[in-house]
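Colleague: Right, I'll just put the structure down here and ask away after.
The values are calculated or read from the model by the stated rules, or taken from the named source; none is laboratory data. Since we're looking at a predicted model, the values are computed, not measured. Note: accessible area is taken over every heavy atom of the protein model, side chains too, but ligands, DNA and RNA are not part of it. Shrake-Rupley method; radii C 1.70, N 1.55, O 1.52, S 1.80 Å.
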Amino acid sequence: MGFAAATPSVIEDLIKRAGGCAVIDGGLATQLEIHGGVFDETLWSARCLITDPHLIKQVHLEYLEAGADVLVTSSYQATIPGFLSKGLSIEEGELLLAKSVKLAIEARDQFWENARNLPNHTYNRALVAVSIGSYGAYLADGSEYSGHYGHDVGSEKLKDFHRRRLQVLLEAGPDLLAFETIPNKLEAQALVELLDEEIVQIPSWVCFSSVDGEHASSGESFKGCLDILNKSEKVSVVGINCAPPHFVDNLIRKFKKLTHKPIAVYPNSGEIWDAKAKRWLPSSCFDEGNFKASVKRWREAGASLIGGCCRTTPSTIRAISKVLKENS
């Protein structure tokens, strides 16, 4: 199958310190909204980098207190073209990208300085994973859940889109790269090529979305997608994010057959995003109690990192952390 080399030590060490399964944080936008954050369609929660950066740091601290071992930055929908469309300069956009990493690092260091001196604490010094959303996330038209980018979007266009953002975020000093909600094989291939072209000395994870629990959002097989990632030494972890939690059991089993890399899963709450109405539709098929009950099963199936995506909160992450620490 052509599997790549072993996982870089920074992730291996974290998983080991966490007892075999580390905790990723949860939904950023949901918690920012609770604290009064206001979003728009194209920048989404990244708008708070401009208007309310203190809220971003506050949410990071809340997830750390809840037991997160990995903080994911507020840069998912932050792109230079997106900031330009709001009237900012290239320099201002690049500074905001760097700020997303700085806020997470500041929160992590502040929290750890206090937590390390607590008697009998169970916290780990968290890693900062810089969020890099798919091209579809930038389009803000729901295409990160379809992978249908149009005939004019090829590998070179995708690499050009991601390149400068990647460079700026790397310069800001995160611990790892988190490519999120990747919907198709084309973008996975472009990311692997880009990582090879750039000087990248930190590990990466690449997480796909799925709308049917069997395939990538584009309808392509995960075998084709993972065959690409398996050959890359720069991609250390593969997984699923922002898919409904009831898909996760099957997807972990599927991934275990297709890769030797550690698997990350951080599903959404089970609610459904209506791209036209720009709102989440409630779902009765899953609740936080079910989410908590599933965590042990996901770990036993082979997940090495577990967290939450859209509509999950610090209480979700606290429940995940409790389950994992009880079973470590």
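Colleague: How much accessible area per residue does the stretch 124-260 have, counting only protein heavy atoms and a probe of 1.4 Å, in square angstrom?
Modeller: Details: 4830 Å² over 137 residues.
Value returned for the stretch 124-260: 35 Å² of accessible area per residue.
Colleague: Running a GNM on the chain with Cα contacts under 10 Å, which residue among Q77, Q201, Q31 ends up with the highest mean-square fluctuation?
Modeller: Taking springs between Cα atoms under 10 Å, the residue moving most is Q201.
Colleague: State the percentage of accessible surface on the stretch 36-78 attributable to carbon and sulfur atoms; use a 1.4 Å probe and exclude ligands, DNA and RNA.
Modeller: Details: 720 of 1280 Å².
The computed percentage sits at 56.
Colleague: Sequence gap at least 6, Cα distance under 8 Å: using those rules, report the relative contact order of the stretch 52-166 to the nearest whole percent. Mind dumping the intermediate values first?
Modeller: On the way: 113 pairs, mean separation 37.9, N = 115.
This gives 33 percent for the stretch 52-166.
Colleague: Accessible surface of K234 in the full protein assembly, 1.4 angstrom probe, to the nearest 10 Å²?
Modeller: Solvent-accessible area, nearest 10 Å²: 50 Å².
Colleague: Same structure again: When a/c reaches 1.5 or more, the comparison of a/b and b/c decides; with that in mind, is the stretch 14-93 rounded, prolate or oblate per its Cα gyration tensor?
Modeller: Working: a/c = 2.97, a/b = 1.92, b/c = 1.55.
Prolate.
Colleague: Could I ask something else about it? Given the chain, what percent of its DSSP beta bridges are antiparallel, to the nearest 5? All intermediate terms of the calculation are to be shown ahead of the outcome.
Modeller: On the way: 3 of 30 bridges.
Here the antiparallel bridges make up roughly 10 percent for the chain.
Colleague: Here's a follow-up. Rolling a 1.4 angstrom probe over the protein chains, ignoring ligands and nucleic acids, what is the accessible area of W44 in square angstrom, nearest 10?
Modeller: Surface accessible to solvent at W44 totals approximately 70 Å².
Colleague: If you don't mind, another one. Considering the chain as a Gaussian network with a 10 Å cut-off on Cα pairs, which listed residue, K86, K159, K57, attains the greatest mean-square fluctuation?
Modeller: Largest GNM mean-square fluctuation: K86.
Colleague: Could you work out the relative contact order of the chain? I mean the mean sequence separation of Cα pairs under 8 Å and 6+ apart, divided by the number of residues, in percent. Don't skip to the answer; put the middle values down first.
Modeller: Details: 653 pairs, mean separation 73.0, N = 328.
Reported as a whole number, the value is 22 percent.
Colleague: Which value, in Å² rounded to 10, gives the accessible area of R318 with a 1.4 Å probe and all protein chains present?
Modeller: For R318, the solvent-accessible surface is approximately 100 Å².
Colleague: Rounded, prolate or oblate: which fits the stretch 2-153 when a ≥ b ≥ c are the square roots of the eigenvalues of the alpha-carbon gyration tensor, with rounded for a/c under 1.5 and prolate only if a/b beats b/c? The partial results should precede the final answer.
Modeller: Details: a/c = 2.19, a/b = 1.39, b/c = 1.57.
In terms of gyration-tensor shape, oblate.
Colleague: Could I ask something else about it? Relative contact order for the stretch 142-212 using alpha-carbon pairs under 8 Å, separation at least 6, rounded to a whole percent?
Modeller: Details: 63 pairs, mean separation 31.1, N = 71.
Once normalised by length, the contact order is 44 percent.
Colleague: Same structure, new question: Report the dimensions of the chain along its three principal axes from the alpha-carbon atoms, largest first, rounded to Å.
Modeller: 54, 45, 42
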